1. Which one is surrounded by the most Cβ atoms within 10 Å (Cβ to Cβ) among residues in region 137-147 that are closer than 15 Å to H13 by Cα and touching a residue at least 60 places away in the same chain (Cβ under 8 Å)?
2. Could you run through region 39-81 and say how many residues are among the aromatic types (F, W, Y) and within 26 Å of V105 (Cα to Cα)?
3. With the requirement that a residue be in a helix (DSSP H, G or I) and β-branched (V, I, T), what does region 58-107 give you?
4. Considering only region 108-163, how many residues are in a strand (DSSP E or B) and under 22 Å from P51 (Cα atoms)?
5. Restricting to region 54-82, give me the number of residues that are touching a Cys at 6+ places or on another chain (Cβ under 6 Å) and either among the hydroxyl-bearing types (S, T, Y) or assigned by TED's automatic domain parsing to the domain that holds D129 (or both).
6. Does D75 fit the bill of being in contact (Cβ under 8 Å) with a residue 12 or more places away in the chain and either under 28 Å from D38 (Cβ atoms) or crowded, with 16+ Cβ neighbours inside 10 Å (or both)?
7. What do you reckon, is E157 under 30 Å from G25 (Cα atoms) and not basic (K, R)?
8. Quick one: is L39 touching a residue at least 40 places away in the same chain (Cβ under 8 Å), assigned to a helix (DSSP H, G or I) and farther than 18 Å from T140 by Cβ?
Amino acid sequence: MRTPDQIVSAEVHYCVSFLISTLAGSGHRPAVRPDLADLCEQAAELCYPIPDWEEAATQAGWTETATLGAFAHTDGSAFSIGGKTDTKWELLCATCEIEPYDREVFEHWIVSDWLADKLEAKGEKVDRDIGGMIVWARTTSGQGIASDSVIETIAAELNAQHS
């Protein structure tokens with residue numbers, strides 16, 4: 001059993017929000033070195049909002065059914081993409097002309113490779129090599145990381161596998 005606090009303690013290493021925002025803000029200046037310009041661009045990418053297709057579809061009345069890749073709407077209509085795919089919500093929204101909600105990035109944290117895998121599987125934005133660091137673009141702020149729903153979900157799924 002691993003609690004969210006234990007996961008954060010072992011897998012979240014350091015806040016680099018100031019570093020990322022400083023690099024991202026330096027992208028408009030002419031870089032002396034091309035590798036620095038690339039690093040500034042990577043940092044800027046980590047600051048961009050993250051499209052939330054699932055929330056947009058849910059708010060538009062869609063829910064995922066028990067059948068893999070199938071959705072139902074509150075008006076009785078249905079949609080199926082046939083099988084499991086990481087982009088199922090995006091495909092649903094594209095077909096139904098639903099614009100995604102943007103989740104704003106508030107913080108940047110160095111995380112372990114293990115946690116990066118778990119976060120990416122949950123749709124979180126992670127850069128696996130920004131100056132040799134693995135950085136997670138956190139879309140919440142004002143609470144401990146262990147209270148983030150994504151961390152709580154990862155802990156619950158991990159514990160369910162081991163029970």
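The values are calculated or read from the model by the stated rules, or taken from the named source; none is laboratory data. Please read these numbers as outputs of a predicted model, since none were measured by experiment. Virtual Cβ from ideal backbone geometry, glycine too; neighbours counted across all protein chains shown.
1. So, considering only residues that are closer than 15 Å to H13 by Cα and touching a residue at least 60 places away in the same chain (Cβ under 8 Å), the one surrounded by the most Cβ atoms within 10 Å (Cβ to Cβ) is A137.
2. Looking only at that region, the number is 3.
3. T58, T95
4. 15
5. Going through region 54-82 one residue at a time, the tally reaches 0.
6. Considered against the rule, which asks whether it is in contact (Cβ under 8 Å) with a residue 12 or more places away in the chain and either under 28 Å from D38 (Cβ atoms) or crowded, with 16+ Cβ neighbours inside 10 Å (or both), D75 comes out as no.
7. The answer is no for E157.
8. yes
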